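Enquirer: One structure, as C-alpha cells, below. Some questions next.
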2 protein chains.
Amino acid sequence: MIRFVSRRMLLVVGLAVAFLTGSAFAQQPADPLPSWNDSAAKTSITDFVARVTTEGSADFVPSAERIAAFDNDGTLWAEQPVYFQLAFAFDRVKALGEEHPEWKTQQPFKAILENDKAALAATGEKGLHEIMAVTHAGMSTEAFSRAVTGWIATARHPHFNRPYVSLVYQPMLELLAYLRANGFKTFIVSGGGIEFMRPWVEQVYGIPPEQVVGSSGATKFELDPDGRPMLMKEARIEFIDDGPGKPADINRFIGRRPILAFGNSDGDLAMLQWTAAGRGARFLGLVHHTDAVREYAYDRQSRIGKLDKALDAATARGWTVVDMKADWRMIFPSDGTSAAGR
Amino acid sequence: MIRFVSRRMLLVVGLAVAFLTGSAFAQQPADPLPSWNDSAAKTSITDFVARVTTEGSADFVPSAERIAAFDNDGTLWAEQPVYFQLAFAFDRVKALGEEHPEWKTQQPFKAILENDKAALAATGEKGLHEIMAVTHAGMSTEAFSRAVTGWIATARHPHFNRPYVSLVYQPMLELLAYLRANGFKTFIVSGGGIEFMRPWVEQVYGIPPEQVVGSSGATKFELDPDGRPMLMKEARIEFIDDGPGKPADINRFIGRRPILAFGNSDGDLAMLQWTAAGRGARFLGLVHHTDAVREYAYDRQSRIGKLDKALDAATARGWTVVDMKADWRMIFPSDGTSAAGR
C-alpha cells in the first residue's frame, strides 16, 4: 500500500514557511532561527544580515541587490543514499516498465526492475544516460511536471520512510524565510534538474519557479495536431549547473552577483568563489554533514556530495562551515516524528 | 563632439517610471495610461487587468501567476534602421579599430570603418558572425557590461539624433508600470542579447536583470593569475531567443506560462501562441508600426521586424493589435523635444 501523505505534508511545510515569513516576523520574535543552536555559525549569519540591512552602515546593500543563492541537494534537503532525482528516475522506470516488456531483459532497465545495484552500477555513465533519456525526455514539459508532482506526493525515502519532501532541513527553511523577511531574494542554484524542482519548491521553500536555477535539458516547441503548442522535452542536456557551471548559470539566469551563497560540496566551490569575489560584504556558507545519527556523516571521500577542496577553501578564507551535528538543534521539520502527524 | 546626456537621460526615464509605479498610483489617477488614446486597444488592456485582478471574478489570477512577457526590439524601444545592438557592435568595431590596424584592409571590419553599407551587406552572415565575435566575446562579462554602459551613455540614433535609450515607447513604459502596480511581474523576452540589455533595462524599464530573458552566448569560469574568478565571454552562441526559442526560453528562465505577452513581429508569434494556450484569461498584444512620421511604418515585407504571420494570427484570434499612429498619443518620452531637455 502506498502511504499517501504529501499533499498534506506540502501544506504543513508551506504553512510553516508562511508563518516564518509572515506573522512571526511581524511580531519581531526573539529568535528567527530557532532550530539553530547559539553557536558561531548562527551568529555569523545574523551579524551579516544586520550589517547589510542597516541603512547608513558601510556594508549596507539595497534590497534589490540582496541576492542569495542556495544549492539544493545536501544544502536544502538530503542527498543520500542517492540524489533524490535519481530515486525519482528509478521509480519512473518501474512505473513505465509495464509499457516496456522489453526492459525485463535489457540493461540498465533490468537492473532497476530487479533492484540489482551491482548490475546497475556496471552500466556506468551510459546506463545513467539511458535512464535519464527515458524518464526525463520524450514527453511534454507539462506531462513531466505531472510525473514529478505524483512522485513527490507518494514516494518515500528508503531509510527514513518519510516523503522526500519532508527531508528538507528545518534550519535552512528558517534561514530562507529570515533572509526574505530581510529583503533578500532567495534563489536555488542546483546541479539538479530545473524542471524536477519547479513543481514543488514554491510550496516547500517559498521560492517561486522563476528563482530556480538548475541543470536543464533542451525543449522543442511544437504544435500538436490540434494546433495546440507544446514544449517537448528532448534527451539533449543544455547545461550542467555544477562546478564552474554554477557561476555561469548565475550570470545567465540572475545577471547579478549574489551577496550570500550556501552550498555543501566541491560542486559549489566555484559559486562560492564567484560570490566572494564581489565588492562589499559577502556571506559564504557550507553545510558540513557530520551527523550520522540524525542524518548522514560524509565529506572528503564521499561519492555523493564530496566536500574536500571547498572545505579547505572555507577554512583558509574564514567562510562559515555549519557543523550539522553541533549547530542544528533540529534537522528535519518535526524531527523524529511522522511528518504528516504534526 | 560627442554629446553626453545619457546618465541624466537614464535618470529622467527612471524617475518617470518610479513616478508611474509609485506616487501616481497611490492617488488613483483617472488614467494610468495617459499616452494611449482612448481606443479599443487601451480598453482591451484595462479590461483584462480589471478581470484578472478582481478577487472573486471568474478570471481572477493570483499575483504570483501574473507573469507578463515583453519583446524588446520594436515592442519596448525602436529597432530601425538596424537593431540597436548591431549599432552598438558597429560602434564597438570603430572604437576597437585603433588596436587593430589590420582591420583597415580586412572585411567585414573595413566596411564598418569606412561606413560602406554595400560592402558590409556583401559579407553576409559570416561577416555578422565575425563582428559579433570581436565585439561580444573575448572579454569578461564585467568588461562587456562596461562597454555597453559607455555606449548607451554616449551613442545617438542616426535619424532621431537622440540617445538610443530615449527611443523607448512612452506608452509601453506606462503599461509596464501599470501592470506592476497591479501585481504583475514584468519580464523581457527578447531576441536581443541578455547581457546587452541588463546594464540599462532596470533604470529604463524598471525591470531587474533577473527578469531579462534573451539570446545568450556561452561564458567560461576562470581564475585569473591572482586567483580572482572571472566569467569570460566566448564566441559560441547558446540560445537564440527568437521564434520557437521564445517559449523554450520562457520555460527555461521563468518556468511559468505568462498570462500576458506583447510583441511586434513574426519572431514573437510562438511566444504569443504559447501564452494564449494556457488556461484562463490571456492578453496577447502586437505593436503595429504604422507611423512613418513619428517613428517608422513597416510590417509584412520588412527586413527587420517583419510582421506577417503574426498579424494574420492576431486578426484570426482577436488579439490586440496596437496601431501606433492611431492608438498612441505620444511615441517617445518627451516626444518631439530633446530628451535631455525635459
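The values are calculated or read from the model by the stated rules, or taken from the named source; none is laboratory data. Given the structure is predicted, the values throughout are model-derived calculations rather than measurements. No Cβ is skipped: glycine too gets one built from the backbone with ideal geometry, and neighbour counts run over all protein chains shown. The accessibility values were calculated without ligands, DNA or RNA, using every heavy atom of the protein model including side chains. Shrake-Rupley method; radii C 1.70, N 1.55, O 1.52, S 1.80 Å.
Enquirer: For A:I304, are the conditions met, namely being within 30 Å of A:G56 (Cα to Cα), β-branched (V, I, T) and more than 13 Å from chain B (Cβ to nearest Cβ)?
Expert: Details: within 30 Å of A:G56 (Cα to Cα): no; β-branched (V, I, T): yes; more than 13 Å from chain B (Cβ to nearest Cβ): yes.
The answer is no for A:I304.
Enquirer: Within the range A:282-303, track down each residue that is surrounded by fewer than 16 Cβ atoms within 10 Å (Cβ to Cβ) and assigned to a loop (DSSP other than H, G, I, E, B). Show your work before the answer.
Expert: First, pick out the residues of the range A:282-303 that are surrounded by fewer than 16 Cβ atoms within 10 Å (Cβ to Cβ): A:292-294, A:297, A:300-301, A:303.
Within the range A:282-303, A:A292, A:V293, A:R294, A:R300, A:Q301, A:R303 meet the criteria.
Enquirer: Among the residues of the range A:120-143, what is the count of those that are free of Cβ contacts under 8 Å to residues at least 24 places away in the same chain, in a helix (DSSP H, G or I) and surrounded by 16 or more Cβ atoms within 10 Å (Cβ to Cβ)?
Expert: The qualifying residues number 3.
Enquirer: I'd like to check something: does the range B:249-265 contain any residue that is among the hydrophobic types (A, V, I, L, M, F, W, C), over 22 Å from B:L176 (Cα atoms) and at the interface with chain A (Cβ under 10 Å from one of its Cβ atoms)? Step through it out loud before you land on a result.
Expert: Taking the range B:249-265 as the starting set, the residues that turn out to be among the hydrophobic types (A, V, I, L, M, F, W, C) are B:250, B:253-254, B:259-262.
With over 22 Å from B:L176 (Cα atoms) added as a condition, the list becomes none.
No, there is no match, as no residue in the range B:249-265 is among the hydrophobic types (A, V, I, L, M, F, W, C), over 22 Å from B:L176 (Cα atoms) and at the interface with chain A (Cβ under 10 Å from one of its Cβ atoms).
So that you can scan it fast, the table gives a plain yes or no per residue for (1) more than 30 Å from B:L223 (Cα to Cα); (2) away from chain A (no Cβ under 14 Å):
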{"residue": "B:F109", "(1), (2)": "yes, yes"}
{"residue": "B:L113", "(1), (2)": "yes, yes"}
{"residue": "B:T123", "(1), (2)": "yes, yes"}
{"residue": "B:K126", "(1), (2)": "yes, yes"}
{"residue": "B:E130", "(1), (2)": "no, yes"}
{"residue": "B:T135", "(1), (2)": "no, yes"}
{"residue": "B:E142", "(1), (2)": "no, no"}
{"residue": "B:V148", "(1), (2)": "no, no"}
{"residue": "B:A155", "(1), (2)": "yes, yes"}
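Enquirer: Another question, then. Considering only residues that are aliphatic (A, V, I, L, M), under 22 Å from B:M330 (Cβ atoms) and without any contact (Cβ under 8 Å) to a residue 40 or more places away in the chain, which ones fall in the range B:258-294?
Expert: Answer for the range B:258-294, where residues must be aliphatic (A, V, I, L, M), under 22 Å from B:M330 (Cβ atoms) and without any contact (Cβ under 8 Å) to a residue 40 or more places away in the chain: B:L286, B:A292, B:V293.
Enquirer: Additional query: Quick one: in the range A:192-209, which of the residues that are free of Cβ contacts under 8 Å to residues at least 12 places away in the same chain and farther than 20 Å from A:S166 by Cβ is nearest to the other protein chains (Cβ to nearest Cβ)? Break it down stepwise before answering.
Expert: Filtering the range A:192-209 down to residues free of Cβ contacts under 8 Å to residues at least 12 places away in the same chain leaves A:202, A:208-209.
Now restrict to residues that are farther than 20 Å from A:S166 by Cβ: A:208-209.
Details: A:P208: 6, A:P209: 3 Å.
Per the stated criteria, the residue is A:P209.
Enquirer: Still on this model: Residues in the range A:62-119 that are crowded, with 16+ Cβ neighbours inside 10 Å, charged (D, E, K, R) and not in a loop (DSSP other than H, G, I, E, B): how many?
Expert: Within the range A:62-119, residues that are crowded, with 16+ Cβ neighbours inside 10 Å, charged (D, E, K, R) and not in a loop (DSSP other than H, G, I, E, B) number 5.
Enquirer: Can you tell me which condition A:I237 does not meet? The list is (1) facing chain B (nearest Cβ under 10 Å); (2) closer than 23 Å to B:P244 by Cβ, and all the others hold.
Expert: Every condition holds for A:I237 apart from (1).
Enquirer: Right, here's the next one. Open to solvent by 10 Å² or more (accessible area, probe 1.4 Å), without any contact (Cβ under 8 Å) to a residue 60 or more places away in the chain and over 27 Å from A:G245 (Cα atoms): is that true of A:R146 in this structure?
Expert: Numbers: open to solvent by 10 Å² or more (accessible area, probe 1.4 Å): yes; without any contact (Cβ under 8 Å) to a residue 60 or more places away in the chain: yes; over 27 Å from A:G245 (Cα atoms): yes.
Here the answer is yes, as A:R146 does meet what is asked.
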